[in-house]
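The values are calculated or read from the model by the stated rules, or taken from the named source; none is laboratory data. Predicted, not measured: the structure shown is a model, and the values here were computed from it. In this analysis, Cβ positions are derived from the backbone assuming ideal geometry, glycine residues included, and neighbour counts consider all displayed protein chains.
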Amino acid sequence: MEREDFRSHYSGYDVLDKWSSPDWDDQTREVIRRRLENVPVVRFFTEQEVRTLTAIVDRILPQSDRSEIEKVPIVPWIDEKLHEDRHNGYRYEELPPQRQAWRWALAGIDETARALFAGKAFCDLDVQSQDVVLRHVERGTSPGDAWKIVPAQGFFTSVLVIAIVQIYYAHPIAWNEIGYNGPSSPRGHVRKWEGGVDPWEAQEDHD
Amino acid sequence: MIDEKNNESHLFAPGIHGEQVPMRDLSREEVDFCIVGAGAGGGVLGAKLAEAGFSVVILDAGPHWDPTKDFVSDETASRKLIWTDERITGGEDPVELGANNSGRGVGGSTVHYSMVAMRAHPEDFQRRSLEGEIARAELLNWPLTFDELEPYYEEVEQALQIAGPTNYPWGKRRKRYPQREHELNASAQVLVRGCVKLGIPVAPAPIATLSAPHKDRPPCVYRGFCNYGCTTNAKSSILVTYIPRAIRAGAEVRPNSMAAQIEHDKRGLVTGVLHFRDGGEDLFRQRAKNVVVAGYAVETPRLLLNSASSLFPDGLANSSGMVGKCFMVHSGHQVFAKFRERINQYKAPPPGGALTEHFNRTMPDADFICGYTIEVVGPHPVDFASRISAARGLWGAELRRTMLDYNYYSGIGIVGEILPQQNNFVKVHETERDQYGLPIPHVIFSYHENDRRLIADAKRKMKEILEAAGGADVWTADRMAHLLGTCRMGNDPMNSVVNADCRSHDIPNLFVCDGSVFTTSTGVNPSLTIEAIAARTADRIVELRRHNAIP
């Protein structure tokens with residue numbers, strides 16, 4: 001797979017350097033420690049579903065610039081939410097309960113892949129073909145019986161992409177990449193104006 | 001069914017500095033008031049009633065938060081502050097319920113609100129008279145006037161120590177705010193620059209967070225995590241203001257208590273509230289001479305509808321058929337643009353320190369009635385990434401590349417008035433049940449044509465402002481905020497649920513006190529109006545009691 005370039009403006013910044021600073025309190029350290037160290041084991045999805053979902057996640061939030069061990073884990077956290085059946089606070093009328101919705105949608109993405117690409121499973125396609133499948137799902141033009149139960153477009157935009165994006169940007173690796181200050185309790189901020197950067201905020205590269 | 005057998009005569013509740021505060025145990029008594037919901041409505045009302053000498057129990061479905069231990073500087077971990085129980089959402093414009101509009105736990109949504117503390121205007125209470133009949137909208141005058149509510153705005157502004165400008169340029173002339181205004185953050189500077197360029201008046205925002213020390217609470221240090229629980233107590237939520245007052249005055253605030261049903265006697269007077277406690281399967285009965293429902297505009301009608309009986313087959317307080325009807329939100333559309341200088345939008349309270357109410361009125365040259373307020377927003381990365389991804393259909397490498405410039409985006413958003421409609425409503429689902437076995441809410445919402453024209457205009461104006469300020473790469477996020485209506489207040493029992501005192505037309509010892517009672521939505525954030533109405537309701541109840549008009 002080709003390596004994509006995601007060059008951060010803040011190459012020297014690591015939010016975890018502030019672990020013991022006045023920006024991090026005990027309860028926040030506990031939450032982030034769990035995110036970094038206690039990645040849950042898969043309990044909800046089947047092995048085949050994990051293969052499909054891993055391939056999907058690699059396209060929605062590509063991390064080809066990182067080795068497997070460096071990647072922000074995403075599938076385990078989706079799995080944990082479904083295992084515990086934690087809700088979002090709303091469900092669109094046309095969508096079945098979330099556990100069913102995810103199972104049907106993953107089956108649907110495989111169905112669409114097989115229909116469009118000579119019987120191949122989604123995870124066996126090259127990345128360009130995978131993107132073709134996902135674009136069909138996004139537009140609601142994806143062939144497959146599963147999509148009669150789970151509306152493709154609704155699931156893609158209001159469930160799938162958002163779940164992946166929210167897990168990725170909750171991780172310190174993503175915070176480093178975008179120069180997010182991260183936790184700030186109890187210290188807070190002083191230089192709030194345009195262009196103002198507190199010494200403990202991410203400093204930009206000068207090049 | 002079990003009645004409380006606990007022999008303890010007192011309990012403890014979390015204080016706001018990590019201490020434990022003694023609290024009365026009223027579980028075996030027939031209290032004067034059982035209030036369901038410890039948020040902006042229930043918290044203010046409960047504190048004032050307890051201070052007036054009534055015995056009060058406030059039930060809340062969620063925990064009693066300890067601000068020194070329970071709040072974290074993290075978007076994801078703070079989801080526990082949100083009401084995430086399943087709700088079905090439909091209509092042409094289904095509302096995303098949960099994160100942006102529904103709180104869980106003592107303090108309710110004020111624990112994660114953005115603290116914009118605005119008064120409605122005199123015109124807001126007279127919409128029907130001012131605008132006449134509007135097709136497919138249920139415009140009504142409120143049974144309250146601004147003048148009746150004004151002293152209560154003043155009272156809650158003092159209690160919450162609102163920080164704002166010396167002279168606030170919109171609405172009825174007012175005294176200066178109790179605390180000085182906050183400095184502008186970068187996103188507020190952008191709003192001000194854009195407005196000044198275009199000749200649009202703009203002013204410091206009145207905000208419910210301290211700008212100077214007040215009693216045992218310190219001023220804001222601009223952590224920027226206001227929507228995720230304030231760890232320093234600078235934020236004037238109900239949790240750290242009225243709830244301690246309520247407990248001190250002898251109220252019991254009972255957390256983790258999910259109301260299942262309001263009971264009544266043969267005469268049709270309510271007698272108490274059945275509720276689940278601490279995740280258990282047993283139903284407890286809190287006996288009460290009066291019941292107040294204050295669960296916000298989805299849970300409040302849900303409880304009234306789920307309390308249907310042979311005497312009240314359509315639910316309590318529902319002879320008009322209006323319980324659940326005229327559900328409203330605010331349009332909360334936001335526009336973002338990229339700037340040359342660093343914004344770091346996560347810094348400082350989300351309202352940033354500036355707003356404009358210039359468009360919050362029916363404008364003579366507009367193709368719509370009512371208006372909107374423009375405020376500053378400042379989403380953290382999880383929220384921002386979700387918005388930009390949904391708004392621009394971004395995913396894959398394009399999303400990750402776009403997010404690299406997160407610190408250069410600045411955003412503004414509206415609180416736009418939405419018209420009440422019969423066809424927008426909350427009902428209980430026919431088949432689906434929650435973890436307690438209770439029918440879940442089913443919410444239907446579609447914008448009115450007037451709403452759509454208002455939104456289109458607001459998007460245009462916000463884009464102009466950001467471009468005038470030097471922004472590029474402008475995009476819009478379609479959003480909504482706040483939950484209102486569903487037990488609207490009115491003089492006519494045929495088309496409203498409660499009267500000006502928040503008292504049910506049908507059942508004299510049943511009250512509703514939260515955003516549900518809004519007759520129209522107004523073009524400002526609702527928390528201060530909810531609190532002012534609750535403060536007034538408490539005084540009215542004292543008055544009614546004096547005349548033996550309530551039990």
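Quick notes
Yes or no, residue by residue, for (1) part of a strand (DSSP E or B); (2) not polar (S, T, N, Q):
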{"residue": "B:Val221", "(1), (2)": "no, yes"}
{"residue": "B:Asn233", "(1), (2)": "no, no"}
{"residue": "B:Ile238", "(1), (2)": "no, yes"}
{"residue": "B:Pro244", "(1), (2)": "no, yes"}
{"residue": "B:Val253", "(1), (2)": "yes, yes"}
{"residue": "B:Gln286", "(1), (2)": "yes, no"}
{"residue": "B:Ala297", "(1), (2)": "no, yes"}
{"residue": "B:Arg302", "(1), (2)": "no, yes"}
{"residue": "B:Ser309", "(1), (2)": "no, no"}
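- The number of residues in the stretch A:131-175 being in contact (Cβ under 8 Å) with a residue 60 or more places away in the chain, among the small types (Gly, Ala, Ser) and in a loop (DSSP other than H, G, I, E, B) comes to 1.
- Identity of the residue in the stretch A:90-140, aliphatic (A, V, I, L, M) and within 12 Å of chain B (Cβ to nearest Cβ), that ends up surrounded by the fewest Cβ atoms within 10 Å (Cβ to Cβ): A:Val127
- Looking across the stretch B:149-171, the residues that are closer than 15 Å to B:Thr529 by Cα and exposed (fewer than 15 other Cβ atoms within 10 Å of the Cβ) come down to B:Pro151, B:Gln158.
- Flag if B:Gly485 is touching a His at 6+ places or on another chain (Cβ under 7 Å), more than 14 Å from chain A (Cβ to nearest Cβ) and either aliphatic (A, V, I, L, M) or surrounded by 22 or more Cβ atoms within 10 Å (Cβ to Cβ) (or both): no
- Selection of first residues in the stretch B:423-440 that are touching a residue at least 12 places away in the same chain (Cβ under 8 Å) and basic (Lys, Arg) and of second residues that are part of a strand (DSSP E or B) and surrounded by 13 or more Cβ atoms within 10 Å (Cβ to Cβ), restricted to Cβ pairs under 7 Å at least 6 apart or on distinct chains, gives the following pairs, ordered by first then second residue: B:Lys427/B:His442.
- Residue in the stretch B:315-326 that is in contact with a strand residue (DSSP E or B) (Cβ under 8 Å, 6 or more places away or on another chain), at negative phi and not in a loop (DSSP other than H, G, I, E, B) present: yes
- Output for the stretch B:189-229, where each listed residue is within 22 Å of the chain's Cα centre (by Cα) and among the aromatic types (Phe, Trp, Tyr): B:Phe225, B:Tyr228
- Selection from the stretch B:205-226 of residues that are surrounded by 24 or more Cβ atoms within 10 Å (Cβ to Cβ) and away from chain A (no Cβ under 12 Å): B:Ala205, B:Pro206, B:Ile207, B:Ala208, B:Leu210
- For the stretch A:23-33, the criterion of being of a type in the set (A, V, I, L, M) and surrounded by fewer than 15 Cβ atoms within 10 Å (Cβ to Cβ) is met by none of the residues.
- Test: residue in the stretch A:180-194 that is within 11 Å of chain B (Cβ to nearest Cβ), part of a helix (DSSP H, G or I) and either aromatic (Phe, Trp, Tyr) or over 17 Å from the mean Cα position of the chain (by Cα) (or both): no
- In a residue-by-residue description of the stretch B:387-394, the property of being away from every other protein chain (no Cβ under 14 Å) and in contact (Cβ under 8 Å) with a residue 40 or more places away in the chain applies to no position.
- The stretch B:448-471, residues that are among the β-branched types (Val, Ile, Thr) and either more than 18 Å from B:Val202 (Cβ to Cβ) or surrounded by fewer than 19 Cβ atoms within 10 Å (Cβ to Cβ) (or both): B:Ile455
- Checked across the stretch B:318-334, the condition of being over 25 Å from B:Phe125 (Cα atoms), of a type in the set (Val, Ile, Thr) and modelled with pLDDT of 95 or more holds for no residue.
- Qualifying residue in the stretch B:468-481 (condition: assigned to a helix (DSSP H, G or I), away from chain A (no Cβ under 14 Å), farther than 24 Å from B:Ser320 by Cα and touching a residue at least 24 places away in the same chain (Cβ under 8 Å)): yes
- Subset of the stretch A:1-22 that is loosely packed, with under 14 Cβ neighbours inside 10 Å and facing chain B (nearest Cβ under 9 Å) - its residue that is nearest to A:Glu68 (Cα to Cα): A:Glu4
- Single condition B:Pro351 does not satisfy, out of (1) within 24 Å of B:Ala99 (Cα to Cα); (2) within 24 Å of the chain's Cα centre (by Cα); (3) at pLDDT 95 or above: (3)
- Qualifying residue in the stretch B:150-158 (condition: in a loop (DSSP other than H, G, I, E, B) and out of contact with any Lys or Arg (no Cβ under 6 Å at 6 or more places or on another chain)): no
- Members of the stretch A:23-67 found to be part of a loop (DSSP other than H, G, I, E, B) and more than 10 Å from chain B (Cβ to nearest Cβ), listed by number: A:Asn38, A:Val39, A:Pro40, A:Val41, A:Val42, A:Arg43, A:Phe44, A:Phe45, A:Thr46, A:Arg66, A:Ser67
- Of all residues in the stretch B:184-219, those that are part of a loop (DSSP other than H, G, I, E, B) and β-branched (Val, Ile, Thr) total 2.
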